[in-house]
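Right, one structure below, let's go through it.
Nothing in this text is a laboratory measurement; each read-out follows from the coordinates by a stated rule. The model shown is predicted, which means the values in this text are computed figures rather than measured ones. Here Cβ is always computed from backbone atoms with ideal geometry, including for glycine, and neighbour counts include all displayed protein chains.
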Amino acid sequence: MNEIIEIGPWRLMAAYVFLIVLLLLVNRQGIKKEGEIFFSALRMTVQLIAVGYILVYIFAHKHIAVTLLVLVAMQFFAVRNIYSRVKVPIKKKLRQVIILSMIAGSGATIFYFLLLVINVEPWYEPRYFIPIAGMIIGNSMTGISLGAERLINEMKAKKDLIEGALMLGATPGDATAPIVKDTFTAAIMPTINSMVGMGIVFLPGMMTGQILAGLSPLIAIEYQIAIMLSILGSVTITVFMLTRLGYTVFFNRWSQLEENDA
Amino acid sequence: MYNLKNVQFKNILDIKELTIEAGKITCIVGESGSGKTTLLKLLNHLLNYEQGLIEFRGKDLKELDAVTLRREVILVPQAPVIFPGTVRDNLLIGRQFSRKDPLPDEELLKEIHRLSLYKKLDEQTGTFSGGEKQRLALARVILIDPEVLLLDEPTSALDDNTLDKVMDRILGYVKSRQKTMVMVTHSKQQAKITGEKIITLDKGLVSSIEEVA
């Protein structure tokens, strides 16, 4: 059986039973989250329907410009998402560092993966480019969000230690080295941890999709391993850039801690 | 060593003219809130003066590389920063920041003993008292051996007996090596014993400069 079973609208509706169960439970327990849950599910549905039609259109009209436009849009939304996920004010210069890290880190990984690992032709083939770019950018986004918030909080919390080091003739790099290290580790740990459970605790989404679509599990794992390593690579590069460039924005040209958050 | 002209910082300090001579011990006294600590931070260039001019060896402080300056001019705040780790880590980190080679254990031990701090080098510093932290920070600075020492109430957490021993060591070190030292203290008496020049600050203004014979 290599043909995938189409769910169809009616049986898809049946899946919404899970949402109704949740809403009933939440309501009975007096947790005032019904609205948020309902709108999240609604948003998920609308977004996925929209993206389904958009992808059908893009796959039918292969073009470099279209693929690149999608890439730019993904990066744009990822960066916006990072800004809103980080719960503390982000300095303007740190925002620029975030953009640069995302574009350079995930961009380099996407092209490396498509050109060298998969060797897809043409390179802008949207059926490969878009889902892979999505996974790489999405995971890098999570890493950068964690990293940026941690960096900002640590720079505030450890102000005395930093100034204490500066007073002793430390460079800003020396003074923030422990913070940069901690931030880097904290931001890449979720990616490392997700590798550990992979295949045992759960089958990753892409692999599940490929198996459902009738592909041999052996090919599916090849893709999964390769994409997992690429995600690791992209998260590492983006977070590394964020931390290495990021700490500098907290200092002025006299190696003093900048006081304002702007 | 330092020349200050019309230096203003927020509404905390307003200094018309002030000179700090090389190879001398200068004491700064004044009530709390008179701007003593701010003045030290300006000299270490940890803070930026908004107006006027501070010259270090005849050069505008703002034109100098701040990190290089701070390796020559080290500031020990009243509540010195002790880094997580052992006594040894804390003694050596200063030299590491200044890009100087580490020193052997004997020299580290000798210095903390001179400052009446009898601890093992492997001891963790997390539970140190305020006075122990002050002595550890003073030992760290002496081991870096900078040109200028800026000390902010360096003995505020010490009992009288220890205070005398610590001051003897600091003064012995500074005088024998002809270092420049600027010490903030709230005690006029201590300033008179220690200082060769006493600057009194009052609400951010220099109210008197006294040369001690």
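Filter the cross-link list B:K36/B:K100; B:K10/B:K41; B:K5/B:K197; B:K36/B:K165; B:K175/B:K197 down to pairs whose alpha-carbon distance in this structure exceeds 22 Å. In this structure, B:K36/B:K100; B:K36/B:K165 lie more than 22 Å apart at Cα.
Which whole-number percent gives the relative contact order of region A:107-262, counting Cα pairs below 8 Å spaced six or more residues apart?
Relative CO of region A:107-262 lands at 35 percent.
For the protein assembly as shown, a crude dipole built from +1 on the beta carbon of Lys and Arg and -1 on the beta carbon of Asp and Glu, taken about the Cα centre, is about 600 debye to the nearest 20. Can you give me the angle between helix B:130-144 and the longest principal axis of chain B, using Cα atoms only, in degrees from 0 to 90, rounded to the nearest 10? Taking Cα atoms only, the helix is inclined about 80 degrees.
For B:K192, a cut-off of 18 angstrom between C-alpha atoms picks up these aspartates and glutamates, skipping any fewer than 8 places away in its own chain: B:E21, B:E31, B:D152, B:E153, B:D160, B:D164, B:D168, B:D202, B:E210, B:E211.
Rounded to the nearest 20, the size of the Cβ-charge dipole of region A:80-143 about its Cα centre is 660 debye, with Lys and Arg at +1 and Asp and Glu at -1.
Here the contact order of region B:16-92, divided by its residue count and restricted to Cα pairs under 8 Å and six or more residues apart, works out to 19 percent. Each Lys and Arg Cβ is given +1 and each Asp and Glu Cβ -1; about its Cα centre, chain A then shows a dipole of about 600 debye. Contact order, relative form, for region B:2-211: 32 percent (alpha carbon pairs under 8 Å, 6 or more residues apart, mean separation divided by residue count). Counting other Cβ atoms within 10 Å as a rough exposure proxy, the listed residues A:W254, A:W10 run A:W10, A:W254 from fewest neighbours to most. Couplings 3J(HN,Hα) for region B:84-95, derived from phi with the Karplus relation 6.51 cos²θ - 1.76 cosθ + 1.60 (θ = phi - 60°), are x, x, 8, 4, 4, 3, 5, 6, 7, 5, x, 5 Hz, where x marks Gly and Pro.
Here the Gaussian network model covers chain A, with springs between Cα atoms less than 10 Å apart; of A:S101, A:S234, A:S216, A:S216 fluctuates the most. The label point for B:E31 and the one for A:Y57, both projected 7 Å from the Cα toward the Cβ, are 7.4 nm apart. Here is how the number arises for chain B: DSSP H runs of 4 or more residues each give -39500 (n - 2.57), the sum is divided by the residue count, and the result at 222 nm is -10500 deg cm²/dmol. The residues neighbouring A:T248, those whose beta-carbon lies less than 15 Å from its own, together hold a net charge of +3 under the Lys/Arg +1, Asp/Glu -1 convention.
How would region B:111-193 be classified by its alpha-carbon gyration tensor: rounded, prolate or oblate, with rounded meaning a/c under 1.5 and the a/b versus b/c comparison settling the rest?
oblate
Over the protein assembly as shown, what is the percentage of antiparallel beta bridges among all DSSP beta bridges, to the nearest 5? That works out to approximately 55 percent antiparallel. Each Lys or Arg adds one and each Asp or Glu takes one away; over the other residues whose Cβ falls under 12 Å from the Cβ of B:P102, this sums to 0. Projecting the Cα atoms of A:I110, B:A22, A:I64 onto the dipole axis of the protein assembly as shown, where Lys and Arg carry +1 and Asp and Glu carry -1 at the beta carbon, places A:I64 farthest toward the positive end. From its DSSP helices (H runs of at least four residues, each -39,500 (n - 2.57)), chain A gives a residue-normalised ellipticity at 222 nm of -24500 deg cm²/dmol. In this simple spin-label model, placing a label point 7 Å from the Cα along the Cα-to-Cβ direction at both A:I211 and A:R95 gives a separation of 4.4 nm. Among B:K16/B:K59; B:K24/B:K188; A:K181/B:K119, which pairs are too far apart, with a Cα-Cα distance over 20 Å? From B:K16/B:K59; B:K24/B:K188; A:K181/B:K119, over 20 Å: A:K181/B:K119. Modelled spin-label separation between A:K32 and B:L121, with each label point placed 7 Å from Cα along the Cα-to-Cβ direction: 6.3 nm.
For chain A, the longest principal axis of the Cα atoms and the long axis of helix A:34-60 meet at an angle of about 70 degrees.
A:V72 to A:A177: extension gain in nm, 0.36 nm per residue of separation minus the Cα-Cα distance?
Separation in residues times 0.36 nm, less the Cα-Cα distance, equals 34.5 nm.
Residues A:T67, A:T238, A:T185, B:T155, ranked from the fewest to the most other C-beta atoms within 10 Å, line up as A:T185, A:T67, B:T155, A:T238. Close amide H pairs (under 5 Å, H built 1.01 Å from N) link B:V184 with B:I28, B:L151, B:D152, B:E153, residues at least 5 positions away or on another chain. For a straight C-alpha distance cut-off of 16 angstrom, the aspartates and glutamates reachable from A:K93 (same-chain residues fewer than eight places away being disregarded) are A:E149, A:E258, A:E259, A:D261. Within a straight-line Cα-Cα reach of under 20 Å, A:K87 can be paired with the following lysines, leaving aside sequence neighbours fewer than 8 residues apart in one chain: A:K156, A:K158, A:K159.
Legend: ranking of residues A:E163, A:E125 from fewest to most surrounding C-beta atoms inside 10 Å; resulting order A:E125, A:E163. Compared with the dominant principal axis of the Cα atoms in chain A, helix A:172-197 is inclined by about 20°.
Put the Cα centre of region B:132-171 next to the Cα centre of region A:213-230 and the gap is 64 Å. In terms of its alpha-carbon gyration tensor, region A:7-142 comes out oblate; a/c meets the 1.5 threshold, while b/c is at least as large as a/b.
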